[in-house]
Every structure is written in C-alpha cells, then in structure tokens.
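To start, the structure itself, in structure tokens.
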Amino acid sequence: MRPARWALLGLGLLLMGGALFFRTDKGAATALPAPYDRLARALSTGDRQALWALVREEGYAALVAARALAEDGGLSPAERVRWARFVLEEEGDRARLWAARVLEEAGALDEAARLYRAELLKEQALAGLLRLARRGSQEAVRGLLASRRYRETLAFARDPLLKGRALLGLGRAEEALAYLRSDARLLGQALLRLGREKEALAAFRRAGDRLMEGRLLAREGRVAEAISVLLAAGPRGRFEAAGLLEARDVDRAVERYLELAGEPGALADDAAFRAWVLARRRGDGASEHRAYMLLSGGLGLLAGKPLPPIRVLPPPPAPEGLGVVRALARAGHGDWALGEAAYRARRAGGDLRRAWAWVLDALGEHHLAARYGGPLLRWGTPWRKAVFAEAERFGLDPWLLFAVMRVESTFDPGAVSPTGAKGLFQFTARTWAEVAGRLGETGADPFEPRAAIRFGAYYLSWLKDRFGGDLRLAVLAYNGGPGYVARGMRTYGNFEDFLRFQSRDEPREYLARVWRDYAVYRALANRRPPPPSWLEAVRPRAR
C-alpha cells in the first residue's frame, strides 16, 4: 500500500472520538451518514479489509470503495483491472474516463484505448490515446484516426491500412496508394482524390460499393446508368437517385422521395421535406399533402407543421434518500453527493427517476439531468441568467441560444469534439480566437460556461446579421461555416435547393435538430413551474 495514495484520498478527514465529522462552511461539525462514515475512515487509514467489506454492500459507497481498490498500487494489476471493470459495469459511461486511466496504469492497454475512444468528446481521452499509442496500442491508434489526428496515427500505426487512411487524411493520396492495395474501397477513394476517376470507378466496382459507383457514373454524364445503380444502393443511393431524377422527371423524383419518406431511417424526413418542396412548386396538392403528413421533427416545423403536444408533469415529490445526498453535500463531499444521486437515478424509474434528475440538476450536473429528467430538464435552462443577459445584449431570442447549446453539447461545459471544438458552444480554436478579438477578451476560456455563452451569443448574432436576419441560414452557418453557406446560396439560389443539394449532410441534420429544440423551448417558455421546493436542501451554498 502506498501511504501517500491513502493520505490523498482521505484529505480533509477529521477523526473525533471514534465518529467521523466534517466542517461545514459555517464552522459547524457535520457527521457523515452511514455507510460513508466507514468509507471515509477506511480511506483515511488505508484499511483494505474495510474497503472489501464495503464493496459487498449495496449503494454508491460500495463503488467508491471499489474505485479506491482499483487505484491501489499495492494490489496486483489483475486485481486492479477486476475492480475497475466492476465499477465500469455498475456506473457505465460516468466511469469510463476513470476506468480507462486505471486500466492504462494496470497495463490493459487496448481495453483502456477502447474506453478512451468512447469518450472522444473529453479532452483527457485524446491525451490518453496518445500515451497508449506511444506504448504500442494499435487500438489507441485507431482511436487517433477516429479523432482525425492523422499525423499521430501515421507515426504510431503498424497496420498498412491505418497508415494509408492517415495519409489520405493528410491529403497525401499518392503516398497512400501503396498502403491501400488490399482494400478496394479505400483505394478507390485515393484514386478519386488524384483525379483518376476511371481507375477509381473500377476499384469501387470491385469493392461492391454501388453508391460510389453511381456517383462516379453521374460525374461522367452517364446519368441514366447512374440512377439505375443508385436505386440499388440502399436508402442513401435512392435519395441521390431521386436528386438526379429531378432534372429529368420531377414526378418520378417525387414518388421516389415519398417511397423513402414512408420507410424508417435517417433520410425519411429529408426525403419527405424535398417531396413537399417539389410538390408545392408544381401545384401537386395530393403529393404535397402526402409529404406533409410524413414530415416530422425540425424539417416538419420548417414546413409549417405544428409541434406535437408536450406533456409537462408536475414536479415530483422529494425522493427517499435525499437526506444522504444533502448530508454529503453539506459535509463538503460534493463528488460523493453527485455520485449518490446519479447512482439512484440510474436505478430508478418514473417519478423517482425524475426526482433524482432534479437533484442532479441542482448539483450542477445538467448533462445527466437532461438524460434522466422529463421535458423540463431534457430541454433544461442551465445558466439561465447568463443566457438571458447575453441574448438581450446581442439581440437574440434566448430560447434559440438554449437550443443551439443543447444540440452542441447537451449542457456539458467540458465537451470536446473529435475535431477539437470545445465547450458548451463547441468553438474551434480559430473561431474562438476571432470572437475573442472582436470582444476584446483574448484570455477567455471556452470551457468556462459564462464565457462560452457570451461568445456563442455574439457569434450567433453576427451570423444572423451576416445572412440578413434569416435564422435558418444563421443556424446552418453555425455548423457549416458562413463561407460554406454563402457559397451554397450563390450556387443554388434559394434555401430549399441549397438544403437538399449541399455537399454535406451534417448542416441539414443540425438545422433540423436545432429547429426542433427551438420550437420545444418556445412551447415550454410559459409552462415552466418553479423547481421543487425541496431542492433547496441540496443546492450548493453561495460563498
């Protein structure tokens, strides 16, 4: 056992007369509730037997004890791995980063890499993958590739295909060819980058990639052949075939879109919206009505379809066990209080789960509150004062600001995307620096919620002005970039055609999500009752 480890874990504990107490911010001694009193004593004294006894009990304290055992450098690597897996099984994604670090220390490199890869929205995960890649984990290298760290992937990869994909990502397609001969689809991508379209077409045919085959046939002007191939290439191919049909036979295109809209799948709403647009232009009332009835979500709202009713339940009663969370919070153990609440929320259902979601929200864990709560928390209003103040300052509807924040990060201020975008509003380093310069706040931190809200409000307001007040284009530009949207509007001439034929799907899907959330926030604006009064018992005290 390493005494320093236990001293750190037990920091701040005061043993008084055999009972364990903590000082509150007002100086009064507060006893820890059972079994946390025994847990704190075991941590402070390094009593491994007491920790093993706690692990055999039910509750979050058992998981804290298991975490301590997993972190105990005096145990064998196999034992540490066993305890880390136990915690991971019980806590799920809340324990992933912690478990990855423990498994890394214990030498389970590929298992740790898989956990880091599942948490790529966290900055620590990328650092972990880099450490593991340096130690030879190819699973970690695959994680680096997924996070678009192409130079690092190339440096540490042993698999030729990984090297070739990294070279493709770096724009070095000519060099990539030598590594991609065993994978016809990847080889086709490299050849296409080099402008060798006939060779690329042959490669995609060998790979059985009907979608890319159809796309290349269309580029060669062999449109009828391309449509035939794309119609056999799954939902994506059928969607693209309908797009080609628009220039030849709009009625057939509408029928293809309507067929796709009537099937479950990610493209159903996109197809329904396009069918609705085309039918309206042609004055085809029957097809317009069919498409309208198939629309849902944000694209349905763009077509003028009303938001389905939202059931807002009254605040739930205080959950049993709230006293334990309150005592932990008041004793200065905010992490334990949060863990206890999350543990109970995961295992609860109905009103009890909603109640624990309110507790998580009060403790500042808005991301988890949105997962476990009802509509009022799924579309929550964290940092409400800051959002309303910055929205007013920059001439925005605060509900739009909430909608963008929800879609960008689900209220997780520490979120990091695979492309390196950070914080509540997912700013890239370049855009953050540009906004910081305009606001005169060059030292601001994208992970600080109020700074992120201020920057997000400014940037969204700037985009709204940039596109003449059209919020649809402003939201598209928040995701795709103002240059991308401006070029698309110049190319296609109107919003509907740009939305359909833009080169990337993500901005369209992003707009649909934001538009849906914006409508939900507006629908709930005057229906938000005060939070449950019993939450005052667990809210962090202002200092």
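The values are calculated or read from the model by the stated rules, or taken from the named source; none is laboratory data. These numbers come from a predicted model, not from an experiment. Glycine gets a Cβ as well: all are built from the backbone with ideal geometry, and neighbour counts include every protein chain shown. The area values use the complete protein model at the heavy-atom level, side chains included, leaving out ligands, DNA and RNA. Shrake-Rupley method; radii C 1.70, N 1.55, O 1.52, S 1.80 Å.
Here are a few things to note about the model shown:
- Dipole magnitude (debye, nearest 20) for the stretch 148-297, charges at Cβ of Lys, Arg, Asp, Glu: 600
- In the stretch 39-92, the GluC sites (Glu not before Pro) that fall in loop regions by DSSP, at most 12 other Cβ within 10 Å: Glu57, Glu58
- Net dipole in debye of the stretch 275-382 [+1 Lys, Arg Cβ; -1 Asp, Glu Cβ; about Cα centre; nearest 20]: 360
- Between 0 and 90°, nearest 10: helix 96-105 axis offset from the chain longest Cα axis: 70
- Computing FRET efficiency as 1/(1 + (r/R0)^6) for Ala118 and Thr419, where r is the C-beta to C-beta distance and R0 is 25 Å, gives about 0.90.
- Scanning residues 5 or more positions from Ala415 or on other chains, those with amide H under 5 Å from its amide H are Gly423, with H placed 1.01 Å from N in the peptide plane.
- Unit charges at the beta carbon, dipole of the stretch 129-214: most positive-side option, Gly188, Thr153, Gly208: Thr153
- Farthest towards the positive end of the charge dipole of the stretch 405-543, among the residues Leu424, Ala477, Leu535, is the Cα of Leu535, using unit charges on the Cβ of Lys, Arg, Asp and Glu.
- Rounded percent of accessible protein surface that carbon and sulfur make up, the chain, 1.4 Å probe: 50
- Annotation note: GluC sites (Glu not before Pro) in the stretch 199-251 located in DSSP loop regions with a Cβ neighbour count of at most 14 within 10 Å are Glu220.
- Annotation: amide H of Arg528 has no partner in the under-5 Å range at sequence separation 5 or more or interchain, hydrogens built in the peptide plane.
- Once the C-beta distance of Leu211 and Thr45 is scaled by a Förster radius of 60 Å, the resulting FRET efficiency is 0.40 to the nearest 0.05.
- Computed packing ranks the peptides 503-512, 424-433 as 424-433, 503-512, most packed first, by mean other Cβ atoms within 10 Å.
- Positive-end residue, the stretch 120-246 charge dipole about Cα centroid, Cβ charges, pick of Leu170, Ala226, Gln124: Gln124
- Inter-label distance for Ala389 and Glu58, nm, one decimal - labels placed 7 Å from Cα along Cα-to-Cβ: 4.5
- Loop sites in the stretch 290-357: trypsin sites (Lys or Arg not before Pro), DSSP, at most 13 other Cβ within 10 Å: Arg311
- In this structure the chain gives 46 Å² per residue of accessible area when probed at 1.4 Å with all protein chains present.
- Centroid-to-centroid separation of the stretch 42-94 and the stretch 190-267 [C-alpha atoms, Å]: 54
- Relative to the dominant Cα principal axis of the chain, helix 160-169 is inclined by about 70°.
- For Ala31, the amide hydrogen comes within under 5 Å of the amide hydrogens of Phe22, counting only partners 5 or more places away or on other chains and with H modelled in the peptide plane.
- Estimated FRET transfer efficiency when R0 is 56 angstrom, pair Ala155-Glu320 (beta carbons, to 0.05): 0.55
- Extents of the chain, taken as max minus min of Cα coordinates on every principal axis and listed largest first, are 88, 59, 47 Å.
- Extended-chain gain in nm, criterion 0.36 nm per residue less alpha-carbon gap, Val250 and Leu313: 18.0 nm
- Whole-Hz ³J(HN,Hα) from phi, Karplus 6.51 cos²θ - 1.76 cosθ + 1.60, for the stretch 496-501, glycine and proline x: 5, 6, 4, 4, 6, 9
- Remark: the stretch 129-183 carries a charge dipole of roughly 260 debye about the Cα centre, counting +1 on each Lys and Arg Cβ and -1 on each Asp and Glu Cβ.
- Approximate spin-label separation Phe447-Arg472, in nm, with each point projected 7 Å along Cα-to-Cβ: 3.9
- Taking the C-alpha atoms only, the angle from helix 429-439 to the longest principal axis of the chain is near 80 degrees.
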